[in-house]
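Colleague: Let me give you the structure first, and then I'll get to my questions.
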């Protein structure tokens, strides 16, 4: 895992098409903005895990 430090309004770029920006920091919470192409799915981890469980239940 790569760990980077960023301040408010600073960004991280992944590849040529994904940009993550620190929008706000409040106590132990960080709000981030994600710019990505429409064909790239972006989910919170718990939502992604639920989707994966649901998809496994649909396999024959």
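Colleague: Show that you can apply the helix-only estimate: for the chain, add -39,500 (n - 2.57) for every DSSP H stretch of four or more residues, divide by all residues, and state [θ] at 222 nm to the nearest 500. If you can, show how the numbers build up before the last one.
Modeller: Numbers: 1 runs with 13 residues, N = 60.
So the calculated ellipticity at 222 nm is -7000 deg cm²/dmol.
Colleague: Shifting gears a bit: What's the whole-number percent of alpha carbon pairs in the chain lying beyond 18 angstrom? Don't jump to the answer; show the numbers that get you there.
Modeller: Details: 926 of 1770 pairs.
Pairs farther apart than 18 Å: 52 percent.
Colleague: Express the relative contact order of the chain as a whole percentage, based on alpha carbon pairs under 8 Å and six or more residues apart in sequence. Mind showing how you got there, number by number?
Modeller: Details: 51 pairs, mean separation 12.2, N = 60.
Relative contact order comes out at 20 percent.
Colleague: Subtracting the Cα-Cα distance from 0.36 nm times the residue separation, let me have the gained length for residue 46 to residue 34 in nm, one decimal.
Modeller: 2.6 nm is the gain from fully extending residue 46 to residue 34.
Colleague: Among 39-45, 8-14, how do they line up by average Cβ neighbours within 10 Å per residue, starting with the highest? Display every interim value, and only then the final one.
Modeller: Numbers: 39-45: 9.1, 8-14: 11.3.
Sorting 39-45, 8-14 by mean packing, highest first, produces 8-14, 39-45.
Colleague: Still on this model: With a 10 Å cut-off between alpha carbons and a GNM built on the chain, which of 46, 24, 35 moves the most?
Modeller: 46
Colleague: Compute the long axis of helix 45-57 from its Cα atoms, compare it with the longest principal axis of the Cα atoms of the chain, and write down the angle in degrees, 0 to 90, nearest 10.
Modeller: Helix 45-57 and the main axis of the chain meet at about 10 degrees.
Colleague: Taking the Cα-to-Cβ direction at residue 24 and at residue 1 and moving 7 Å from each Cα, how far apart do the two end points lie in nm?
Modeller: Label-label distance for residue 24 and residue 1, simple model: 2.5 nm.
Quick note: the coordinates plus some simple rules give every number you see, no bench work behind them. What you see is a predicted model; the values in this text were computed from it and never measured. Don't worry about glycine lacking a Cβ; one is built from the backbone with ideal geometry, like all the others, and counts go over all protein chains shown.
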